[in-house]
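**Student:** Dropping the structure in here first, questions after.
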Amino acid sequence: MIKGSCLCGKVKFEISGEISLMANCHCSMCRKNHGAPYVTYAGVDASQLSWVQGEDLIADYQSSEKVHRGFCRECGSNLPLPGESGGQIFIPAGSLDDDPGVKPQVHIFVASKAPWVEINDDLPQFDAFPPGFDD
Ligand SMILES: [Zn+2]
Ligand SMILES: [Zn+2]
């Protein structure tokens, strides 16, 4: 089990099994949403995520036609959204409390990366979603 929680600690969740993809997303919406140079996501199957407490505290912000973003009403932390089922979901890796045992494997949406951010590793870079991930 990999545990995760928000800043105030009222929302807690767990991930069972392994993380299939860890990606750094450089898109402008993730940057705004997190106030960060880029956001690292842990991709898991929706069935791997279970809620320990506080899922009723999570608010839903729809940032585009297909993308909903969850956050704690109490402390504002970005979180996975309850009720997502089927397929892959992306959990903000900064909300994890345990070492997930994987490290970022790709940079995605590099075409919209912040001009002040330099990528200093040799991981593959994709302008948008990596191949096979496009919905
Ligand atoms: Zn919170
Ligand atoms: Zn993004």
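The values are calculated or read from the model by the stated rules, or taken from the named source; none is laboratory data. Please read all numbers here as calculations on a predicted model, not as lab measurements. Cβ sites come from the backbone with ideal geometry, for glycine too, and all protein chains shown count toward neighbours. Protein only, heavy atoms only, side chains kept; ligands, DNA and RNA dropped before computing areas. Shrake-Rupley method; radii C 1.70, N 1.55, O 1.52, S 1.80 Å.
**Student:** Over the chain, with every protein chain in place, what whole percent of the accessible area is carbon and sulfur at 1.4 Å, could you tell me?
**Tutor:** Ligands and nucleic acids excluded, carbon and sulfur give 49 percent.
**Student:** Sticking with this one: Scan around residue 25 for amide H atoms under 5 Å from its own, H built in the peptide plane at 1.01 Å from N, and keep only partners 5 or more places away or cross-chain.
**Tutor:** Here 39, 40, 41, 108 satisfy the definition.
**Student:** With respect to the cross-link table entries 66/113; 12/103; 10/103; 10/113, which display a Cα-Cα separation exceeding 25 Å?
**Tutor:** Where the Cα-Cα span goes over 25 Å, the pairs concerned are 10/103; 10/113.
**Student:** Would you mind calculating the relative contact order of the range 1-134 from Cα pairs under 8 angstrom and at least 6 residues apart, reporting the percent as a whole number?
**Tutor:** Averaging sequence separation for qualifying contacts and normalising by length gives 29 percent for the range 1-134.
**Student:** Can you list, largest first and rounded to whole Å, the semi-axes you get for the range 2-112 by taking the square root of 5 times each eigenvalue of its Cα gyration tensor?
**Tutor:** In descending order, the three semi-axes are 19, 17, 13 Å.
**Student:** Separate question: Please give me the summed charge of the neighbours of residue 5: other residues whose Cβ is under 14 Å from its Cβ, Lys and Arg +1, Asp and Glu -1.
**Tutor:** -2
**Student:** Oh, and also: For the chain, modelled as a GNM with alpha-carbon contacts under 10 angstrom, which of 124, 80, 37 fluctuates the most?
**Tutor:** Largest GNM mean-square fluctuation: 124.
**Student:** Apply the Karplus parameterisation 6.51 cos²θ - 1.76 cosθ + 1.60, with θ equal to phi minus 60°, to every residue of the range 2-12 and state each ³J(HN,Hα) to the nearest whole Hz, in sequence, with x for glycine and proline.
**Tutor:** For the range 2-12, the Karplus-derived couplings read 10, 8, x, 7, 8, 4, 7, x, 7, 9, 9 Hz, x marking Gly and Pro.
**Student:** For an R0 of 25 angstrom, estimate the FRET efficiency from the Cβ-Cβ distance between residue 20 and residue 74 and round to the nearest 0.05.
**Tutor:** For R0 = 25 Å, the calculated efficiency reads 0.25.
**Student:** Enumerate the calculated ³J(HN,Hα) couplings along the range 48-65 in order (Karplus 6.51 cos²θ - 1.76 cosθ + 1.60, θ = phi - 60°), each rounded to whole Hz, writing x wherever the residue is Gly or Pro.
**Tutor:** Running phi through 6.51 cos²θ - 1.76 cosθ + 1.60 with θ = phi - 60° gives 7, 9, 10, 9, 8, 6, x, 5, 6, 8, 8, 8, 10, 10, 8, 8, 7, 3 Hz.
**Student:** Return the long-range amide H neighbours of residue 79 (sequence gap of 5 or more, or a different chain), with a cut-off of under 5 Å between placed amide H atoms.
**Tutor:** Correct list: 70, 71, 72.
**Student:** Averaged per residue, what accessible surface does the chain expose to a 1.4 Å probe, in Å²?
**Tutor:** Per-residue value: 56 Å².
**Student:** Can you give the charge dipole size of the range 2-112 about its Cα centre, rounded to the nearest 20 debye, using +1 on the beta carbon of Lys and Arg and -1 on the beta carbon of Asp and Glu?
**Tutor:** Dipole about the Cα centre, nearest 20: 400 debye.
**Student:** Tell me, what is the FRET efficiency for residue 62 and residue 120 to the nearest 0.05, using R0 = 35 angstrom and their Cβ-Cβ distance as r?
**Tutor:** Once rounded, the FRET efficiency stands at 0.55.
**Student:** Stretch residue 51-residue 29 to full length: gain in nm at 0.36 nm per residue minus the Cα-Cα span?
**Tutor:** Length gained between residue 51 and residue 29: 5.3 nm.
**Student:** If amide H atoms are built 1.01 Å from N in the plane of the peptide, which residues on other chains or at least 5 residues away come under 5 Å of the amide H of residue 129?
**Tutor:** 109
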